[in-house]
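First up is the structure itself, then whatever we jot down about it.
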Amino acid sequence: RVRPGVATDSRSQGLLRWYHDLIDMRKRLPVVGASIPGRHHHAVWSDEGRSVLLLHRWMEDGPSALLLINFTPAQQSMALHRPSGSWRLALNAASIDYGEAGDGQALVPATLDFPGTGPPIVLLPYAVALYLSSDHGPFPA
């Protein structure tokens, strides 16, 4: 939680940057913005035993989004085989930019290609990683 006032400790500053980046992404990319019935579509896959979730969200035009979440205090790995396409990491909560030690940044790949037989993705405790498809042209800045 970020408390009102100036964020002075590095954890609060990182959390504040995370919130700003999430809000900015929602404003710039309709696929991660507010859902519009008939325009937004989604598919969800989960592993309840390991408390990990994969959310694929897309629209008829523009990039698709792929959200990976680990809801546990333990590191989890996910072997991903869908959805098909090429994906680029857009946000990684384990990034040093958000006040983490940086070890999670190396564990989450910068790009994904499906179908593929690459190694499983490792998600740190309570990790969140957002990928955008690269099938729909250049990414917004």
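Tabulated values for the structure
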read-out: Conditions (1) modelled with pLDDT under 85; (2) more than 17 Å from A127 (Cβ to Cβ): number failed by V31; value: (1)
read-out: Flag for R26 being at pLDDT 85 or above, part of a helix (DSSP H, G or I), under 17 Å from A129 (Cα atoms) and charged (D, E, K, R); value: yes
read-out: Restricting the range 59-71 to residues that are of a type outside the set (D, E, K, R) and open to solvent by 20 Å² or more (accessible area, probe 1.4 Å), the residue that is farthest from the chain's Cα centre (by Cα); value: G62
read-out: The range 44-58, subset in contact (Cβ under 8 Å) with a residue 24 or more places away in the chain and over 13 Å from the mean Cα position of the chain (by Cα), residue surrounded by the fewest Cβ atoms within 10 Å (Cβ to Cβ); value: D47
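The values are calculated or read from the model by the stated rules, or taken from the named source; none is laboratory data. Just so it is clear, the model here is predicted, and its values are computed rather than measured. Note that we place each Cβ from the backbone using ideal geometry, even for glycine, and neighbour counts take in every protein chain shown. Quick note on the areas: whole protein, heavy atoms, side chains included, nothing else; ligands and nucleic acids left out. Shrake-Rupley method; radii C 1.70, N 1.55, O 1.52, S 1.80 Å.
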